[in-house]
1. Given H placed 1.01 Å from N in the peptide plane, which residues other than close sequence neighbours of GLY424 have an amide H under 5 Å from its amide H?
2. Which whole-number percent gives the relative contact order of the chain, counting Cα pairs below 8 Å spaced six or more residues apart?
3. Work out the length of the dipole vector of the chain about its Cα centre, built from +1 on the beta-carbon of each Lys and Arg and -1 on the beta-carbon of each Asp and Glu, and round it to the nearest 20 debye.
4. How far is it, in nm, from the label point at ARG55 to the one at ALA409 when both lie 7 Å from their Cα along the line to the Cβ?
5. Counting helices only, and only those DSSP H runs with n ≥ 4, report the 222 nm mean residue ellipticity of the chain as the sum of -39,500 (n - 2.57) divided by its residues, in deg cm²/dmol to the nearest 500.
6. For a quick check: with amide H placed at 1.01 Å from N, whose amide H comes under 5 Å from ASP203's, ignoring anything fewer than 5 positions away on the same chain?
7. Label points 7 Å out from Cα along the Cβ direction at SER220 and ASP11: separation in nm?
8. Could you grab the relative contact order for segment 353-467? Cα pairs under 8 Å, six or more apart, rounded to a whole percent.
Amino acid sequence: MSLKWSGLSPDLLLTVDRSSARPLRAQLEQRLRDAIRTGRLRVGERLPSSRELARTLGLSRGLVQECYAQLQAEGYLVTRIGSATRVAAGAAAPPAPAAPPAAAPRLLADFRWGVPDLGAFPIGDWLWATREAARAVPAAALDYGDPRGSPALREVMAGYLRRVRAAAAEPDRIVICSGYAQGLRLALRTLAHAGVRTVAYEDPGSPATISAAAASEGMSAIPVPVDEHGIDVGALAATDARAVVVTPAHQWPTGVVLAPERRLALIDWAGRRDAIVIEDDYDAEFRYDREPVGALQGLAADRVISLGTVSKSLAPALRIGWMLCPPALCEQIAAHKRLDDRGSPTLEQLALARLIESGRFDRHLRRMRATYAGRRAALLGALAEHAPGVTVTGLAAGFHAVAHLGGAAGEQDVIAAARARSVGLYGMSACRSSGAATPVRLILGFGNIGERSIAEGVAAVGDLLGGR
Ligand SMILES: Cc1ncc(COP(=O)(O)O)c(C=O)c1O
């Protein structure tokens, strides 16, 4: 895309060599021809005024005007009276036509998990918050700041986490990061520096993400089974792990909640093993049947690093998350954050703080809770009608459900057959450390798909899932 300049003359990096025997005008013409031929300057792009270019290069304006006139005569440039000089159409060798991108097949329904309703992002509120934040920001806050993040957001976030997640949250123990992804890496890096060699994770869970993050910090990652009460703490204790990543409020992906006795057992294990629990509190805002359970961190603030994100509550593209850190680790985590990126972008942090403290964030969550609860009901209703052989498990929470298929068909066969009918389905095998495709389970995401598409999609594939 060529740059459109609104008034000021654009800058252009060109040099001339005064020690060369070649005349300056010939040099400048050659530089401009090369810039156009190689695509540095594209068709339609505006050149600096002759006065501006002459000033920048220390040449006479007349020389630059002659040069422009020569290139105009050669068909490289066009000048219209009263308008800027631009690169002429057809001046550059036309680029080889790019292969048209393979058109993504339009799906009747896509049950992709992990994505919230992107169209429901509260853009008006975000614009308001961004304006408010930018208008009020003191100049000093635009400097490099505390790597833990903006004090204003940490203050607001601490209040929010105490209020909504019953967390033991103080602003100076919060590190704002770019989502769970960075939070996990910073946590593992800090633990690796403290001598932790092995991190355990829930199975099924996120084997690929956690194994890759662990490997990049020189750690090994081992799976520990999950049953209907959450992670098997006995099996965890049988490993040599001194850290574990868990999703206690809404286990990813099975959707079970970590049972109260397991919570206590996990904290007890962490104390006896001198271990750290990394709590992924990814979608705790969305619980429909009753109040969400509080964060594990609230029970053992010195043993738990709790990670939160706006990727589910607002949008993944914001890349904002937070870490609630045990006192003993907070400084090291902040030091790693400083090394990583010197802190997350301040204006976005201030906007999020305004969004939360104005009540607009809570209002958005209330709206989305109703939306997702409606979609979940639509999904269950459609499955009961078109695929009565399917059992659905997991809490009335988040925006995914797990479907247990009763038929004999394998996971990949069901997915492929559904795709042929323009329905996107996704299997549990990607969440199993073994990659096993049995027992056959589908993870049905309903975050970014409306009730009508849910009904149509399930109707289209009901017989594949377990229709009678
Ligand atoms: C289990 C789990 N936790 C957290 C996240 C959010 O990650 P991030 O905050 O980096 O977007 C995801 C994203 O899909 C996830 O699958």
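Any read-out appearing in this document is the output of simple, stated calculations on the displayed coordinates, not a laboratory observation. None of the values given here were measured: they were computed from a predicted structure. Reconstructed Cβ throughout: ideal geometry from the backbone, glycine too, with neighbour counts over all protein chains shown.
1. Placed amide hydrogens put ALA109, ASP110, PHE111 under 5 Å from GLY424.
2. Values: 840 pairs, mean separation 85.8, N = 468.
Relative contact order for the chain comes out at 18 percent.
3. Values: 55 positive and 47 negative charges, 362 e Å.
Rounded to the nearest 20 debye, it is 1740 debye.
4. Distance between label points: 7.1 nm.
5. Details: 14 runs with 187 residues, N = 468.
Mean residue ellipticity, 222 nm, calculated: -12500 deg cm²/dmol.
6. VAL224, VAL226
7. About 5.2 nm, to one decimal.
8. On the way: 156 pairs, mean separation 38.8, N = 115.
Over segment 353-467, the number comes to 34 percent.
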